[in-house]
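**Q** Dumping the structure here so I can ask a few things about it.
What follows is calculated from the coordinates using simple rules that are stated; it is not laboratory data. None of the values given here were measured: they were computed from a predicted structure. Positions of Cβ are backbone-derived with ideal geometry, glycine not excepted, and every protein chain shown enters the neighbour counts.
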Amino acid sequence: MANKIPRVSVREQEPAVRATNFEEVCYGYNAEEAQLEATRCLNCKNPRCVAACPVNINIPAFIHKVAEGDFASASAIIAEDSSLPSICGRVCPQETQCEGSCILGIKGEAVAIGKLERFVGDWGLDNASKEQVEIKTNGKKVAVIGSGPSGLACAIDLAKLGYEVTVFEALHKLGGVLVYGIPEFRLPKEKIVAREIDDLRRLGVKFETDVIVGRTITIDALLDEEGFSAVFIGSGAGLPRFMGIEGENLNGVVSANEFLTRANLMRAYDDEYDTPIYVGKRVVVVGGGNVAMDAVRTAKRLGADATIIYRRSEAELPARREEVHHAKEEGIEFKMLTNPTRVLGDDKGWVTGLSCVEMELGEPDESGRRSPVVKEGSDFTLDCDVVIMALGTSPNPLLKSTTAGLETNRRGCIVADENGATTREGVFAGGDAVTGAATVILAMGAGRKAAKAIDEYIKSK
């Protein structure tokens with residue numbers, strides 16, 4: 001019988017304190033708290049949470065082991081389907097996936113699956129064996145492009161199957177969006193990301209950084225000259241979108257991608273690093289997704305008054321509820337039903353403000369959300385000196401332009417079937433490079449599917 005107690009709350013930094021630093025906001029559970037929360041699980045015979053997890057972790061099984069205090073077994077159960085539990089426990093949108101399907105959530109609060117996964121993942125990092133894992137290789141080589149979530153998940157599964165896997169990363173640090181996109185206060189880089197990636201090395205996965213596939217080497221060369229039997233593209237979606245409004249070329253207008261890369265990967269948050277970044281005194285972030293929340297909360301921590309503007313209402317915000325809640329606690333101002341029409345500047349070419357209009361919600365659009373409509377005569381100006389555009393991203397067109405037979409759609413995303421096979425034989429793809437910007441766990445799920453398909457493809461040759 002499950003323990004009928006309220007959901008165990010998670011300890012966090014005080015908002016006034018954390019808004020001035022980049023230390024992790026959420027402290028997570030300790031062993032006692034994790035065990036207590038785990039006792040709430042109903043251990044359903046047909047667990048909807050598993051079906052809702054993109055990598056199908058056996059959630060009731062690992063939670064049952066946590067309740068027993070057998071953290072090693074819990075870690076082993078998760079490892080069957082995910083090698084990045086500490087990361088996923090922190091950044092996955094559990095409220096719309098596993099926890100969103102939890103039976104307890106119908107009338108009360110769902111089991112804190114994400115927080116329990118994080119606890120188990122962190123326990124594994126601190127306690128699991130760090131010895132090299134001996135896997136008999138099959139002599140076949142597979143190249144993985146990109147060390148983000150999809151690339152890492154694909155590499156892990158292929159390595160376990162005996163393939164000699166080499167991951168090619170364009171940047172100088174491994175992790176893709178995990179290191180350049182997600183702030184330190186949500187996902188610590190050295191404490192968590194680097195250590196989970198190190199576990200891949202124990203499986204024999206090789207990593208090469210500062211390699212821009214399409215420039216340093218091409219996919220054609222990897223297949224035809226370097227002896228790779230297949231290639232997986234997990235290069236993400238790093239090309240930012242802009243609105244196309246007047247004034248977007250002014251100094252002080254920047255994409256969220258660039259802003260976060262400077263702050264995260266180039267460590268602008270660390271006084272020991274002289275990273276070029278301009279925050280100004282008043283920052284306006286345009287957008288309502290998780291990237292927008294990351295950008296506005298980062299700007300706040302770097303000393304600016306920070307505001308979010310979004311053209312729909314708060315109910316339509318695509319960002320995680322937890323991130324919105326944390327942002328509000330930290331003093332971020334939200335201006336809903338607001339859309340920019342022009343960026344204002346001075347005679348020296350620097351941003352001075354943002355012309356906006358108020359919106360109201362009309363009929364639903366093709367996504368099912370109500371379409372925003374301009375309120376006539378509602379023009380107003382927001383004073384600011386930095387505007388950060390967080391409007392989504394698309395894949396870099398470099399791979400398409402340098403790879404024979406590789407097709408993309410009108411959004412620039414690589415065309416691939418449900419198993420990741422592209423229009424070029426021997427080339428597979430998954431994650432944001434195929435779907436456009438999405439979530440870490442969906443990218444991982446795509447990487448795992450592609451690994452299975454790559455294995456079948458190579459064995460069929």
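**Q** Please report the spacing between the Cα centers of segment 203-248 and segment 147-180 in Å, no decimals.
**A** 12 Å
**Q** Next up: Taking the dipole about the Cα centre of the chain, with the C-beta of Lys and Arg at +1 and of Asp and Glu at -1, give me whichever of 179, 102, 156 is farthest to the positive side.
**A** Comparing the listed Cα positions along the dipole, 102 ranks first.
**Q** Follow-up. For segment 385-428, with the dipole built from +1 on Lys and Arg beta-carbon atoms and -1 on Asp and Glu ones, taken about the Cα centre, which of 422, 390, 406 lies farthest toward the positive end?
**A** Farthest along the dipole direction, towards plus: 406.
**Q** Grab the other residues whose beta carbon is less than 14 angstrom from that of residue 73, score K and R as +1, D and E as -1, and report the net. Mind showing how you got there, number by number?
**A** Values: positive: 65; negative: 68, 70, 80.
So the surrounding residues net to -2.
**Q** Which net charge results for the neighbourhood of residue 64, defined as the other residues with beta-carbon distances under 12 angstrom from its beta-carbon, given Lys and Arg at +1 and Asp and Glu at -1? Display every interim value, and only then the final one.
**A** Numbers: positive: 40, 65; negative: 68, 70.
That sum, taken over residues with Cβ under 12 Å, equals 0.
**Q** Give, rounded to the nearest 20 debye, the magnitude of the charge dipole that segment 242-391 has about its Cα centre when Lys and Arg contribute +1 at Cβ and Asp and Glu contribute -1 at Cβ.
**A** On the way: 18 positive and 27 negative charges, 39 e Å.
Magnitude of the dipole: close to 180 debye.
**Q** Tell me the label-point distance for the pair residue 191, residue 373, using the 7 Å Cα-to-Cβ offset, in nm and rounded to one decimal.
**A** 4.9 nm
**Q** With +1 on each Lys and Arg Cβ and -1 on each Asp and Glu Cβ, how big is the dipole of the chain about its Cα centre, in debye rounded to the nearest 20?
**A** Values: 54 positive and 67 negative charges, 179 e Å.
Charge dipole of the chain: 860 debye, to the nearest 20.
**Q** If the chain between residue 363 and residue 42 were fully stretched, how many nm would it gain, using 0.36 nm times the residue separation less the Cα-Cα distance? Write out the running numbers ahead of the final one.
**A** Working: separation 321, 0.36 × 321 = 115.56 nm, distance 4.04 nm.
Full extension of this stretch gives 111.5 nm more.
**Q** If packing is taken as the average number of other Cβ atoms within 10 Å across a peptide's residues, how do 90-100, 379-389 rank, most packed first? Provide the component values of the computation, followed by the final result.
**A** Values: 90-100: 21.6, 379-389: 19.4.
So the peptides 90-100, 379-389, ranked by packing, come out 90-100, 379-389.
**Q** Order of 302, 42 from fewest to most other C-beta atoms within 10 Å?
**A** Numbers: 302 19, 42 14.
With the sparsest Cβ surroundings first, the list reads 42, 302.
**Q** First select every other residue whose beta carbon is under 11 angstrom from the beta carbon of residue 450; then total the charges, Lys and Arg +1, Asp and Glu -1.
**A** Numbers: positive: 448, 449, 452; negative: 157, 417, 418, 455, 456.
Neighbour charge sum, excluding residue 450 itself: -2.
**Q** Right, next: Which listed residue (219, 119, 61) has the Cα farthest towards the positive end of the charge dipole for the chain, taking +1 on Lys and Arg C-beta and -1 on Asp and Glu C-beta about the Cα centre?
**A** The Cα lying farthest towards the positive end belongs to 61.
**Q** Oh, and also: Any idea what Rg and Dmax come out to for segment 11-127 if you just take the C-alpha atoms, in Å?
**A** Expressed in Å, the Cα Rg and Dmax of segment 11-127 come to 14.0, 46.
**Q** A further question on this structure: Would you calculate a helix-derived [θ] at 222 nm for the chain, using -39,500 (n - 2.57) for each DSSP H run of n ≥ 4 and dividing by the full residue count, to the nearest 500? Could the numbers behind the result be given before it?
**A** On the way: 18 runs with 152 residues, N = 461.
The per-residue figure over the chain is -9000 deg cm²/dmol.
**Q** Name the shape class, rounded, prolate or oblate, that the alpha-carbon gyration tensor gives for segment 353-409, where a ≥ b ≥ c are the square roots of its eigenvalues, rounded holds for a/c under 1.5, and otherwise prolate holds if a/b is larger than b/c and oblate otherwise. Can you show the working numbers first?
**A** Numbers: a/c = 4.78, a/b = 1.73, b/c = 2.77.
Here segment 353-409 falls in the oblate category.
**Q** While we're looking at this one, here's another question. In debye, nearest 20, what is the charge dipole magnitude of segment 119-228 about its Cα centre with +1 on Lys and Arg Cβ and -1 on Asp and Glu Cβ, if you could check? Kindly include the intermediate steps, with their values, before the conclusion.
**A** Details: 14 positive and 18 negative charges, 38 e Å.
Here the size comes out at about 180 debye.
**Q** Using alpha carbons only, how many angstrom separate the centre of segment 1-57 from the centre of segment 329-392?
**A** Centre-to-centre distance over Cα atoms comes out at 35 Å.
**Q** Now a separate question. Over the Cα atoms of segment 242-391, compute the convex hull volume and normalise it per residue, giving Å³.
**A** Details: hull volume 16.9 nm³, N = 150.
That works out to 113 Å³ per residue.
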